[in-house]
1. How many angstrom lie between the C-alpha centres of the stretch 15-47 and the stretch 88-126?
2. If R0 is 35 Å, what FRET efficiency do you get for Arg80 and Arg109 from their C-beta distance, rounded to 0.05?
3. Can you compute 3J(HN,Hα) from phi for each residue in the stretch 126-142, using the Karplus curve 6.51 cos²θ - 1.76 cosθ + 1.60 with θ = phi - 60°, rounded to whole Hz and x for Gly and Pro?
4. Which cross-chain or sequence-distant (5 or more) residues have an amide H under 5 Å from the amide H of Leu29, H modelled 1.01 Å from N in plane?
5. Per residue of the stretch 98-105, in order, report the coupling 6.51 cos²θ - 1.76 cosθ + 1.60 (Karplus, θ = phi - 60°) as ³J(HN,Hα) in whole Hz, putting x for Gly and Pro.
6. Per 0.36 nm of contour for each residue apart, how much would the distance between Val131 and Ala43 grow if the chain were fully extended, relative to their Cα-Cα spacing?
7. With viscosity set to 1.306 mPa s and temperature to 10 °C, compute the Stokes-Einstein D of the stretch 55-160, Rh being the Kirkwood radius across alpha carbon pairs; µm²/s, no decimals.
8. Residues of the stretch 112-160: accessible area per residue at 1.4 Å, in Å²?
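The values are calculated or read from the model by the stated rules, or taken from the named source; none is laboratory data. In this text, all values refer to a predicted model and were calculated from it rather than measured experimentally. Glycine gets a Cβ as well: all are built from the backbone with ideal geometry, and neighbour counts include every protein chain shown. When the accessible area is computed, the model is the full protein with side chains, heavy atoms only, and any ligands, DNA or RNA have been set aside. Shrake-Rupley method; radii C 1.70, N 1.55, O 1.52, S 1.80 Å.
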Amino acid sequence: MSVAFTKEGDSEAFAADLPDRPISTHPNLVTPEGLEQIESELAAARAAYSTAQSVGGAADGDRTAMARATRDLRYWSSRRATAQLMERDPAKTVVQFGDRVTFEREDGRVQTFRIVGEDEADPTQGSVSYVAPIARALLGKAVGDVSPAPGGEIEITSIE
């Protein structure tokens, strides 16, 4: 039989079988801003689901939109359910979750990052996940401490 006479799955059908977004095995630590972000994403996912459901009421509804909305709703619902709000302890003088840390590298570069939860991390905006190697090198250290890090040693110059 010629391939011309076989029915191949359409792209909508394949898109409707989207895999779940991977969920980290690390604890879901969040800053107050991170918790707000998760709640905002969850609200957006609920709205997208409602929209896709109302448009999808017809038999030929947009299965791709419904699949994306369902996947995002599952992801953000899970992230909200497991979120652990972490408050800074102002009495501590070492780097902790939620701090903005400035450090100098061996080559003289000075960098500043805020240590945040995985969902709110964006290195291009100056934030890194607490599970990132650079964050692990910084956590628990004080101003003046030198720590091994990816790319060489770093010295902490300020903690905010």
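1. Comparing the Cα centres of the stretch 15-47 and the stretch 88-126, I get a distance of 22 Å.
2. Plugging the Cβ-Cβ distance into 1/(1 + (r/R0)^6) gives 0.40.
3. x, 10, 10, 5, 5, 8, 5, x, 5, 5, 4, 6, 8, 4, x, 9, 10
4. Gln84, Glu118
5. Each residue of the stretch 98-105 in turn: x, 6, 9, 10, 10, 9, 10, 8 Hz.
6. Here the answer is 29.0 nm.
7. For these conditions, the coefficient is 99 µm²/s.
8. Solvent-accessible surface per residue comes out at 47 Å².
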